[in-house]
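Student: For reference, the structure I am asking about is given below.
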Amino acid sequence: MPALSWQVVTGTVAALCTTLAFLPQLVKMRKQGSAELSFVMLAMYLTGQALWLAYGLMLGAGPIIAANIASLVLVSAVAVRKRAADREAAAVPRRLRIAIDMDEVMADALAEHVRRYNAAFDARLTIDDLRGRHLEDRIPPSHHEAVAAMLDASFFADLPVFADCQDVVRELAGRHDVLVVTAAMDVPVSFDAKFRWLQRHFPFITPNQIVFCGDKGLIDADYLIDDRARHFERFKGRPLLFSAPHNFAERRYPRVDSWSDVRELFARLDGLDAQPADAPAAGLRDEAAPAA
């Protein structure tokens, strides 16, 4: 084949490749969206195609002109589609991912633990006695082993639900992605009982939304509602400390005192058009400063 013919074939194949390169992208965008596409990349590509078109016009080269006109049409269609998709996405409030601890946040485990301790040792310990302390700090060391043994499978079977918890979690699940994240590794025998407890009291939470773990820093969520500050140390989202007697003195994290507070906080947050990632959420009581 003459050299000129090879040049024509090479140029034609190159023109077809560059011209049709964005056609699969248009098809993919219709199925999967355009979130991964960069406007800067599209702008640079369109600029390059426009310059190639100008170059072809200067030379009077028909193939270059035709290929770049077709490319400009296709890439412009991709850019327009992405712009429309981004506007549609911006019009719909983003669903947050909210991780919620179970014990002492959804389930009143402390009340049951104190009840069992008083029954076993004929004691009169109250919840108020634990203000700023854990149960283990308020009992004789000789009772520690027996108190730990109380956390058997039956312990978690019938824990009372905190007031308003079911209604608020149901409301949040309707607007956002809710996960129940419990450190069951602390009490391995609790897995089955905790799962059945959640099914009974929160049937709208599916098994796929329940996470049994040890390190909550592994959880990818926007918010973590938990009563134990240690779970916030490696968590990459925003912590919400749920008030409990033992965390009374904790001042490092924003705090909510009840599920009514949680409802109000997220209702206000959902009403905002935009909020900087480092701004305190509306309704939070910031424990970084001493409480009044």
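The values are calculated or read from the model by the stated rules, or taken from the named source; none is laboratory data. Everything numeric here is computed off the predicted structure, so don't read it as measured data. Counting neighbours? That spans all protein chains shown, and the Cβs are built from the backbone with ideal geometry, glycine included. When the accessible area is computed, the model is the full protein with side chains, heavy atoms only, and any ligands, DNA or RNA have been set aside. Shrake-Rupley method; radii C 1.70, N 1.55, O 1.52, S 1.80 Å.
Student: For ASP227, indicate whether it is in contact (Cβ under 8 Å) with a residue 40 or more places away in the chain and not aromatic (Phe, Trp, Tyr).
Tutor: yes
Student: OK, next. When you go through (1) outside any loop (DSSP other than H, G, I, E, B); (2) touching a helix residue (DSSP H, G or I) at 6+ places or on another chain (Cβ under 7 Å); (3) not aliphatic (A, V, I, L, M) one by one for ARG200, which number turns out not to apply?
Tutor: Tallying (1) outside any loop (DSSP other than H, G, I, E, B); (2) touching a helix residue (DSSP H, G or I) at 6+ places or on another chain (Cβ under 7 Å); (3) not aliphatic (A, V, I, L, M), ARG200 fails exactly one: (2).
Student: Continuing with this model, one more query. Between a residue in the range 232-250 that is closer than 22 Å to LEU135 by Cα and touching a residue at least 60 places away in the same chain (Cβ under 8 Å) and any residue that is among the charged types (D, E, K, R) and open to solvent by 60 Å² or more (accessible area, probe 1.4 Å), which pairs come within a Cβ distance under 6 Å, given they are 6 or more apart or on different chains?
Tutor: PRO245/ARG131; PHE248/ARG131
Student: Based on this model, can you work out whether ARG255 counts as basic (Lys, Arg) and modelled with pLDDT under 95?
Tutor: no
Student: Residues ARG30, ARG87, ARG81: which one is among the basic types (Lys, Arg), more than 30 Å from VAL9 (Cβ to Cβ), in a helix (DSSP H, G or I) and at pLDDT below 75?
Tutor: ARG30
Student: Next up: In the set VAL211, VAL262, which member is modelled with pLDDT under 95, open to solvent by less than 50 Å² (accessible area, probe 1.4 Å) and of a type outside the set (Gly, Ala, Ser)?
Tutor: Result: VAL211 is the single residue among VAL211, VAL262 that is modelled with pLDDT under 95, open to solvent by less than 50 Å² (accessible area, probe 1.4 Å) and of a type outside the set (Gly, Ala, Ser).
Student: A further question follows. From the list SER142, SER76, pick out the single residue that is exposed (fewer than 13 other Cβ atoms within 10 Å of the Cβ), over 27 Å from the mean Cα position of the chain (by Cα) and among the hydroxyl-bearing types (Ser, Thr, Tyr).
Tutor: Of the residues listed, the single one that is exposed (fewer than 13 other Cβ atoms within 10 Å of the Cβ), over 27 Å from the mean Cα position of the chain (by Cα) and among the hydroxyl-bearing types (Ser, Thr, Tyr) is SER142.
Student: Could I ask something else about it? Could you list all residues from the range 103-132 that are over 20 Å from LYS194 (Cβ atoms) and part of a loop (DSSP other than H, G, I, E, B)?
Tutor: ASP122, ALA123, ARG124, LEU125, THR126, ILE127, ARG131, GLY132
Student: Filter the range 53-71 down to the residues that are open to solvent by 40 Å² or more (accessible area, probe 1.4 Å) and in contact with a Leu (Cβ under 9 Å, 6 or more places away or on another chain), then identify the one that is modelled with the highest pLDDT.
Tutor: Per the stated criteria, the residue is ILE69.
Student: List the number of the failed condition for ARG170; all other conditions in (1) more than 22 Å from LEU269 (Cβ to Cβ); (2) outside any loop (DSSP other than H, G, I, E, B); (3) of a type in the set (D, E, K, R) hold.
Tutor: Among (1) more than 22 Å from LEU269 (Cβ to Cβ); (2) outside any loop (DSSP other than H, G, I, E, B); (3) of a type in the set (D, E, K, R), ARG170 violates only (1).
Student: Take the range 214-234 and flag every residue that is more than 18 Å from ARG95 (Cβ to Cβ), open to solvent by 20 Å² or more (accessible area, probe 1.4 Å) and part of a loop (DSSP other than H, G, I, E, B).
Tutor: GLY214, ASP215, ARG228, GLU233, ARG234
Student: Out of all the residues in the range 133-157, which are in a loop (DSSP other than H, G, I, E, B) and either hydrophobic (A, V, I, L, M, F, W, C) or without any contact (Cβ under 8 Å) to a residue 12 or more places away in the chain (or both)?
Tutor: ILE139, PRO140, MET150, LEU151, ALA157, listed by residue number.
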